[in-house]
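The values are calculated or read from the model by the stated rules, or taken from the named source; none is laboratory data. Here the structure is a predicted model, which means the values were calculated and not measured. Counting neighbours? That spans all protein chains shown, and the Cβs are built from the backbone with ideal geometry, glycine included. Accessible surface is based on the protein model in full, side chains and every heavy atom, while ligands, DNA and RNA are left aside. Shrake-Rupley method; radii C 1.70, N 1.55, O 1.52, S 1.80 Å.
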Amino acid sequence: ILGVFPAVNEATTDTLYSTMVQMEIVDPSSLPPGGNPPTTRLGTGRLFYPSEVNYGTFGLVVGVAGYLYLLGSDLTGVKLARVPNTGNANIADRNQYEYYNSVTRDWRLQQPLVLNDATGNILDWNYTDPAGKSIGPNVGDIWYDPYHKTMVMLFGDTWVDGTFYMSYATNNSIEGPWSKPVAVWTPPVPKECGHEPTSW
């Protein structure tokens, strides 16, 4: 299993960079109580930096036209990077990635977008929370839906009320265009939490 995770300075909680990690699938009974499956950091460990879109933390897609796609999000929406899926050394090397620019509709080699640059969005989405703060999509998932014969995206908001949103590629292309996201589920608030200012 592949994942992209932020490396954090534990003293300050500042994000240093993101890193690609591979985890083995094992029989859970083979692990000691509280133990984790074996994991390996791929490459040098440094994939994207705090000023850049954190590609891969929103979602990953493998097997579309021989590429590994990494999706990242920020305050403006969801963005897309890709790399030929030719082995661990290649997918962990930031210099091998291309980044999608939705304005020019082309891929640019070695040019990750800076945070909150909407020119790379495959999906525009943001929200103003009750305090007036702008938020964007949080983590999500993307997959091919064989019944509807198109790519589908599901994501949560960034700490407003936990609502999940769904969108689909109107032409079955991962680059889009994508439909306007629709709210599909909001978690109920237990009565024990109803008095809290952040009751969600």
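Rounded to the nearest whole Å², what accessible area per residue is found for the chain with the 1.4 Å probe?
On the way: 11260 Å² over 200 residues.
So the chain comes to 56 Å² accessible per residue, rounded to a whole number.
Tell me, what is a quarter of the convex hull surface for the C-alpha atoms of the chain, in nm² with one decimal? Working shown, then result.
Details: hull surface 57.4 nm².
Orientation-averaged projected area of the Cα hull: 14.4 nm².
In whole percent, how big is the carbon plus sulfur part of the accessible area of the chain, probe 1.4 Å, protein atoms only?
C and S fraction of accessible area: 55 percent.
Using the Cα atoms as the points, what is the convex hull volume per residue of the stretch 38-103 in Å³?
111 Å³
For the chain, which longest stretch is free of loop sites, where a loop site is one of the GluC sites (Glu not before Pro) that DSSP puts outside H, G, I, E and B and that has at most 14 other Cβ atoms within 10 Å?
With GluC sites (Glu not before Pro) excluded where exposed in loops, the chain gives 25-200 as its longest stretch.
Give the cross-link partners of Lys79 among the lysines, using a straight C-alpha distance below 28 Å as the criterion and excluding same-chain residues fewer than 8 apart.
Lys133, Lys149, Lys180
Over the stretch 1-100, what relative contact order in percent results from Cα pairs under 8 Å that are six or more residues apart?
Normalised by residue count, the contact order of the stretch 1-100 is 20 percent.
Say each of Trp143 and Arg41 gets a label point 7 Å from the Cα, pointing the same way as Cα to Cβ; how far apart are those two points in nm?
Calculated label separation equals 3.1 nm.
At 222 nm, what helix-only mean residue ellipticity would the chain give, in deg cm²/dmol to the nearest 500, using -39500 (n - 2.57) for each DSSP H run of four or more?
On the way: 1 runs with 4 residues, N = 200.
That calculation yields -500 deg cm²/dmol at 222 nm.
Counting pairwise Cα distances across the stretch 65-124, what percent come out greater than 13 angstrom?
Result for the distance tail: 58 percent.
Ignoring the sites themselves, what is the longest stretch of the chain with no trypsin sites (Lys or Arg not before Pro) in a DSSP loop and at most 12 other beta-carbon atoms within 10 Å? Walk me through the numbers before you get to the answer.
Details: sites that count: Arg105, Lys133, Lys149.
The answer is 1-104.
Explain nothing, just compute: Karplus ³J(HN,Hα) = 6.51 cos²θ - 1.76 cosθ + 1.60, θ = phi - 60°, for every residue of the stretch 135-149 in order, whole Hz, x for Gly and Pro.
For the stretch 135-149, the Karplus-derived couplings read 10, x, x, 9, 5, x, 8, 9, 7, 8, 9, x, 5, 8, 6 Hz, x marking Gly and Pro.
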